[in-house]
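See structure below.
The values are calculated or read from the model by the stated rules, or taken from the named source; none is laboratory data. All figures in this text were calculated on a predicted structure; none of them were measured in a lab. Note that we place each Cβ from the backbone using ideal geometry, even for glycine, and neighbour counts take in every protein chain shown.
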Amino acid sequence: MKVTAILLAAGKGRRMGGDVPKQYMDLCGRPLLSYALETLERSEVISDIVAVVPAGDEAYVQEKIAAPLRASKVRCYAAGGAERCESVGNGLEAVTWPCDYVFIHDGARPFVSVEILQRLYAAVRETGAAVAAVKSKDTVKLADAHGFVAATPDRENVWIVQTPQCFDFRLAAGAYAAARGKEPVPTDDAMVVETYTHHAVKLVEGSYSNIKITSPDDIAVAEAILQRNRK
């Protein structure tokens with residue numbers, strides 16, 4: 001089976017502040033993006049990688065991030081779009097080689113592990129659609145249009161969705177083709193598949209360490225995770 005990973009690294013990361021795009025920011029002496037790329041490169045599950053980066057950054061990412069890691073699985077680069085959905089669509093369209101399954105991962109999640117990738121691979125081969133997720137540790141409230149509590153779902157059934165999100169390639173490509181230009185803009189890949197194919201999506205155990213870096217506070221958490229992992 002051939003598995004292509006689409007590694008998303010085209011965002012501007014405005015909430016991080018500063019002049020350096022989030023994916024290139026330093027995390028313990030390395031660019032943030034390099035951590036996820038290294039894991040995808042090491043994984044036996046992944047055959048090929050499409051890196052989705054801002055248009056014009058392809059040479060920079062290849063020279064400064066991919067080359068030092070000897071990331072031979074990076075088969076091509078695709079230009080990011082105005083929205084995440086567009087970036088994923090561009091990444092899917094860049095896949096011109098044989099591909100059975102596609103793993104879509106945010107480059108801002110540096111701590112994806114080879115174990116998560118293996119669990120997802122087993123699940124997507126069985127179900128055709130699977131996403132990494134963790135059970136919510138907190139009680140969640142659903143609000144109405146006025147900010148009042150409308151419902152309190154059973155915490156046992158509430159999951160926090162992460163990436164990678166993994167699909168049969170033809171399923172994902174068809175869903176994203178149908179979603180182009182449509183409103184509202186989907187917030188994650190599973191939502192695209194759910195909306196435009198009605199295919200059931202399996203929740204697979206991720207990790208509470210598989211955090212997404214979105215604000216400066218997250219850098220301190222990421223540094224602590226790295227220090228713990230090195231012990």
Worksheet item: If we keep just the residues of region 42-57 that are touching a helix residue (DSSP H, G or I) at 6+ places or on another chain (Cβ under 7 Å) and surrounded by 18 or more Cβ atoms within 10 Å (Cβ to Cβ), which is nearest to K12 (Cα to Cα)?
Response: V53
Worksheet, complete the sentence: Only one of H146, H198 is farther than 29 Å from E86 by Cβ and not hydroxyl-bearing (S, T, Y), namely H146
Worksheet, complete the sentence: How many residues of region 74-91 are touching a Leu at 6+ places or on another chain (Cβ under 8 Å) and either crowded, with 21+ Cβ neighbours inside 10 Å or closer than 17 Å to R30 by Cβ (or both)? The answer is 5
Worksheet item: Among the residues of region 208-220, is there at least one that is touching a helix residue (DSSP H, G or I) at 6+ places or on another chain (Cβ under 9 Å), surrounded by 13 or more Cβ atoms within 10 Å (Cβ to Cβ), over 24 Å from K12 (Cα atoms) and among the polar types (S, T, N, Q)?
Response: no
Worksheet item: (1) farther than 25 Å from T195 by Cβ; (2) among the hydroxyl-bearing types (S, T, Y); (3) surrounded by 14 or more Cβ atoms within 10 Å (Cβ to Cβ): which one isn't true of T139, the others all being true?
Response: (3)
Worksheet item: Residues in region 27-50: is at least one closer than 26 Å to K202 by Cβ, among the polar types (S, T, N, Q) and not in a helix (DSSP H, G or I)?
Response: yes
Worksheet item: Which numbered condition trips up I104, out of (1) outside any strand (DSSP E or B); (2) closer than 26 Å to A59 by Cα; (3) in contact (Cβ under 8 Å) with a residue 12 or more places away in the chain?
Response: (1)
Discussion item. Given the criterion exposed (fewer than 13 other Cβ atoms within 10 Å of the Cβ) and either aromatic (F, W, Y) or more than 14 Å from A130 (Cα to Cα) (or both), identify the matching residue among A178, A200, A173, A224.
Written reply: A224
Response to the item:
Going through region 187-197 in order, the residues found to be in a loop (DSSP other than H, G, I, E, B) and surrounded by 14 or more Cβ atoms within 10 Å (Cβ to Cβ) are D188
Worksheet item: Among the residues of region 180-191, which ones are hydrophobic (A, V, I, L, M, F, W, C) and either under 19 Å from T4 (Cβ atoms) or modelled with pLDDT under 90 (or both)?
Response: V185, A190
